[in-house]
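Asks: There's a structure below that I have some questions on.
The values are calculated or read from the model by the stated rules, or taken from the named source; none is laboratory data. This structure is a prediction, so every number in the text was calculated from the model and none was measured. Cβ sites come from the backbone with ideal geometry, for glycine too, and all protein chains shown count toward neighbours. We work out accessible area using only protein heavy atoms, side chains counted, and drop any ligands, DNA or RNA first. Shrake-Rupley method; radii C 1.70, N 1.55, O 1.52, S 1.80 Å.
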Amino acid sequence: MSIIKAKKILRDRAKTRRGTLPQNATAAAQRQCELFIETFEAELKRSPTSTISGYWPMNDEFDVRPLMIRLTEFGYVCALPVVVAPGEALVFRCWQPGDPLVKAKFGTREPNAQAANTVPDIVLTPLLAFDDTGRRLGYGGGFYDLTLKKLRAVRPIIAVGVAYQAQRVDKVPSGDRDERLDWIVTEERAIRCE
């Protein structure tokens, strides 16, 4: 079976599975927030000017907004991704609670054009499925793979997949263009990907 076909099958299953998760999303987001801060406490203290990019959740994606609000309270710069065009890397614009957002492609929201561009040190990535080696299955647009590759070509970054533990699978099909995550943080645990 081709990688494209295997990804499509897994993507369809993962969308269905995530849509039926019975857990309380608000409680899960709060647990994930605490776990992220515990896991990255030393890194965040070492780099008190770190910029962390999150995302505005679509539909039933794991909600990282509580974490982003908490990070801004600690004084970190937070950002949201902006889709420029198909086949291009994402750009990141600064965001803090209360900033105006505009409707964007794919049903998400992003900072308006007046928000300052920035380059994140830590990139929180949404996903449909993940495995313990850092393979991530997204929606198929390739935006995060292209973006992570571009950022890593310039300097070290930390790519963190955020998801429900129930989104874990044994193995995500992977090709040459797929960028691996450094960490996965769920509402149950933090996994350093090897």
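Asks: Quick check on this structure: which one of 15, 45, 7 is over 24 Å from residue 81 (Cβ atoms) and outside any loop (DSSP other than H, G, I, E, B)?
Replies: 45
Asks: Here are 85, 6, 79: which of them is at pLDDT 85 or above, touching a Lys or Arg at 6+ places or on another chain (Cβ under 7 Å) and open to solvent by less than 60 Å² (accessible area, probe 1.4 Å)?
Replies: 79 is the lone residue from the list that is at pLDDT 85 or above, touching a Lys or Arg at 6+ places or on another chain (Cβ under 7 Å) and open to solvent by less than 60 Å² (accessible area, probe 1.4 Å).
Asks: Also, quick follow-up: Being buried (at least 16 other Cβ atoms within 10 Å of the Cβ) and at pLDDT below 95 is the filter here; which residues of segment 144-159 pass it?
Replies: 157, 158
Asks: Within segment 23-38, is even one residue in a loop (DSSP other than H, G, I, E, B), open to solvent by 10 Å² or more (accessible area, probe 1.4 Å), of a type outside the set (A, V, I, L, M, F, W, C) and closer than 22 Å to residue 138 by Cα?
Replies: Yes, segment 23-38 contains a residue that is in a loop (DSSP other than H, G, I, E, B), open to solvent by 10 Å² or more (accessible area, probe 1.4 Å), of a type outside the set (A, V, I, L, M, F, W, C) and closer than 22 Å to residue 138 by Cα.
Asks: Please work out if residue 120 is in contact (Cβ under 8 Å) with a residue 12 or more places away in the chain and touching an Asp or Glu at 6+ places or on another chain (Cβ under 7 Å).
Replies: no
Asks: Considering only segment 46-76, how many residues are charged (D, E, K, R), surrounded by fewer than 16 Cβ atoms within 10 Å (Cβ to Cβ) and more than 20 Å from residue 18 (Cβ to Cβ)?
Replies: So the answer is 2.
Asks: While we're on this one: Which count do you get for residues in segment 132-143 that are surrounded by fewer than 17 Cβ atoms within 10 Å (Cβ to Cβ) and either of a type in the set (Asp, Glu) or without any contact (Cβ under 8 Å) to a residue 24 or more places away in the chain (or both)?
Replies: 1
Asks: I need every pair where a residue in segment 93-105 that is at negative phi has its Cβ under 9 Å from the Cβ of a residue that is acidic (Asp, Glu) and outside any loop (DSSP other than H, G, I, E, B), sequence separation at least 6 or different chains.
Replies: Listed by first residue and then by second, the contacts come to 93/110; 95/110; 97/73; 101/110; 102/110; 103/110; 104/110.
Asks: Just give me the residues in segment 160-178 being open to solvent by 20 Å² or more (accessible area, probe 1.4 Å) and without any contact (Cβ under 8 Å) to a residue 40 or more places away in the chain, in sequence order.
Replies: The answer is 165, 168, 170, 176, 177.
Asks: State whether the residues of segment 104-123 include one that is over 30 Å from residue 171 (Cβ atoms), in contact with a Phe, Trp or Tyr (Cβ under 9 Å, 6 or more places away or on another chain) and surrounded by 22 or more Cβ atoms within 10 Å (Cβ to Cβ).
Replies: Yes - at least one qualifying residue is present in segment 104-123.
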